[in-house]
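Novice: What follows is a single structure, and I will ask about it in a moment.
The values are calculated or read from the model by the stated rules, or taken from the named source; none is laboratory data. In this text the structure is predicted, and so the values were computed from the model without any measurement. Backbone-built Cβ (ideal geometry, glycine too); neighbour counts: all protein chains shown. Side chains included, ligands, DNA and RNA excluded: accessible areas come from the protein's heavy atoms. Shrake-Rupley method; radii C 1.70, N 1.55, O 1.52, S 1.80 Å.
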Amino acid sequence: MEKTNSTNTTAFALNFAEGDVPEWIQLTPSGPEISGRDGRKWILPNPEQVVSAFRNHGADLPIDIEHATQLKGTKGEAAPAVGWIKDLEVRSGELWAKVDWNEAGNAVIQSKGYRYVSPVFKFERSTGHILKMASAGLTNNPNLELAALNHEAAQTTETKMDTAIIEALGLNSDATAADAVVAIGKLKEARDTALNSAQTPDPDKFVPKADHDLALNRISGFEAKEKADEETAINAALDGAIEAGKIAPASRDYHLAACQEEGGLDRFNSMVEASPVIAGDTKLDGKDPKKGNAALSEIELAACHAMGMTEEDYATAKNEE
């Protein structure tokens with residue numbers, strides 16, 4: 001393998017022993033700067049990174065005739081390989097490829113029909129940095145165009161995405177515009193799925209707001225009615241106990257507070273049932289028993305009971321005095 005310089009360009013000739021074909025072929029000169037016949041230049045700052053990209057890709061790369069893989073293969077036309085790149089390595093800053101030639105490759109090389117190898121690289125358009133190998137072609141008119149094709153007039157459609165966009169989309173550092181389009185499409189699909197889920201939520205997990213509000217209103221109505229019924233029952237129990245002489249009218253507020261505690265009404269009813277009569281009939285002429293007899297103190301109540309007088313008689317006697 002030797003280098004032939006012509007018009008500021010480096011080409012790589014396929015030199016080999018008679019009756020043999022080369023196992024290793026040179027793909028690039030030593031970097032970092034590489035020039036093409038048409039005057040364009042590219043940078044190979046880290047050839048080891050190109051080797052790593054190939055090995056991480058995990059697939060052999062084709063060697064064809066005059067870049068048929070790119071010119072014909074992309075159109076669905078036949079583009080047979082004459083050999084396969086099995087490995088890459090760096091030798092003094094140069095990229096070398098280990099090739100497994102097939103029968104057609106052996107024949108075309110031994111016939112000396114093609115003399116040069118033209119590498120196909122993908123590169124970062126903004127900086128010219130070589131990113132990875134794509135293929136190689138046997139040719140007699142090389143240019144070292146480090147792009148999709150290695151012809152002088154060829155142009156690459158491969159562009160490296162902005163770093164911020166790559167990170168936002170979760171792509172690899174060598175992602176292309178096509179990769180970004182696919183990633184964006186997946187994001188749109190996920191968004192649409194989320195929107196559809198929001199419009200038709202799972203009835204086991206979500207309740208419509210109107211139904212929720214109605215349920216709250218009904219619960220509030222039940223609670224209000226329950227509270228009113230409880231107050232009615234408490235007042236009835238207190239009035240009954242006063243009329244039965246089981247409690248003094250003056251102690252009504254005390255028993256009312258006790259009854260309003262949780263379970264208080266049941267405890268009050270049990271107490272009244274077990275208590276003796278401590279006062280006579282407290283139902284006065286048209287008087288409201290809830291108000292009690294404000295004229296008698298607790299001491300006076302005890303005194304009238306001790307004398308066997310009714311509260312009304314005691315109050316009357318007191319007022320006459």
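Novice: Being touching a Lys or Arg at 6+ places or on another chain (Cβ under 9 Å), surrounded by fewer than 17 Cβ atoms within 10 Å (Cβ to Cβ) and not charged (D, E, K, R) is the filter here; which residues of region 89-127 pass it?
Specialist: S126, T127
Quick grid of which residues meet (1) basic (K, R); (2) within 60 Å of the chain's Cα centre (by Cα); (3) within 21 Å of E298 (Cα to Cα):
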| site | (1), (2), (3) |
| --- | --- |
| K227 | yes, yes, no |
| A236 | no, no, no |
| G240 | no, no, yes |
| I247 | no, no, yes |
| A250 | no, no, yes |
| Q260 | no, yes, no |
| D266 | no, yes, no |
| N269 | no, no, no |
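Novice: Another question about this same structure. Checking D211 against (1) at pLDDT 85 or above; (2) within 56 Å of the chain's Cα centre (by Cα); (3) not aliphatic (A, V, I, L, M), which single condition isn't satisfied?
Specialist: Of everything listed in (1) at pLDDT 85 or above; (2) within 56 Å of the chain's Cα centre (by Cα); (3) not aliphatic (A, V, I, L, M), D211 misses just condition (1).
Novice: If you scan region 24-45, which residues turn out to be touching a Phe, Trp or Tyr at 6+ places or on another chain (Cβ under 7 Å) and open to solvent by 20 Å² or more (accessible area, probe 1.4 Å)?
Specialist: W24
Novice: Is it the case that some residue within region 218-241 is in a helix (DSSP H, G or I), at pLDDT below 75 and open to solvent by less than 60 Å² (accessible area, probe 1.4 Å)?
Specialist: yes
Novice: Could you tell me whether any residue of region 15-23 is buried (at least 19 other Cβ atoms within 10 Å of the Cβ) and modelled with pLDDT of 85 or more? Walk me through it before giving the result.
Specialist: Step one: filter region 15-23 for residues buried (at least 19 other Cβ atoms within 10 Å of the Cβ), giving none.
Taking every residue of region 15-23 in turn, none turns out to be buried (at least 19 other Cβ atoms within 10 Å of the Cβ) and modelled with pLDDT of 85 or more.
Novice: Turning to a different aspect of this structure: How many of the residues in region 50-85 are exposed (fewer than 15 other Cβ atoms within 10 Å of the Cβ) and under 39 Å from the mean Cα position of the chain (by Cα)?
Specialist: Qualifying residue count for the region: 7.
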